[in-house]
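Taken together, the values in this text are just the output of simple stated rules run on the coordinates, not laboratory data. Source: prediction; values computed, not measured. Cβ: placed from backbone, ideal geometry, glycine included. Neighbour counts: every protein chain shown.
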Amino acid sequence: MKKILIIGISVLVIAIIVSVVIVRKINYVDTSFATEVSLKYHYGDKKIDVIVTDEADIKIIKENFKGVSYRDYPACGFDLDTSITLSGGGKSIAFCPACDECGVTVRINDSNRYINTKDWEALRKVLEKYDFTFPCV
């Protein structure tokens, strides 16, 4: 009886670990494919469309957006007119930073998938170089 209980618990633990690994892999946002980063900031009187060429800026942007995404419905303000698009190898993904005080929260494309930036202050400083302003509402 004890042996069956140990085997049952072991199988359950293995199933939970495998499930967590699969979910993390499905929800992982990979930015390594990106060879181009473009910025769009159409807000108020600003109409900014720029391709980022500074390698250090590209690295900061890519590092901040890679990781595990999550499903949520935050009350933050997001807009594709204020977005950062990573593209390359036939793939493209847009990240929309919160336009209000939510700071670190970023919507992925026009979805209910989100990611938290790893270093909001570093990312904000890069975006300010290109005349982005946060909060922008």
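A few remarks follow.
- Lysines with Cα under 16 Å of K46, excluding same-chain neighbours fewer than 8 positions away: K129
- Candidate aspartates and glutamates for bridging to K40, where Cα separation is under 17 Å - those fewer than 8 sequence places away on the same chain excluded: D49, D54, D57, D79, D81, D100, D110, E128, D131
- Reachable aspartates and glutamates from K91, criterion Cα separation under 13 angstrom, eight or more residues apart if same chain: D30, E36
- Summing charges over neighbours of I48, with a neighbour being any other residue whose Cβ is under 9 Å away from its Cβ, gives +1 when K and R count +1 and D and E count -1.
- Neighbour-limited loop hits for GluC sites (Glu not before Pro), the stretch 38-114 (at most 12 other Cβ within 10 Å; DSSP other than H, G, I, E, B): E101
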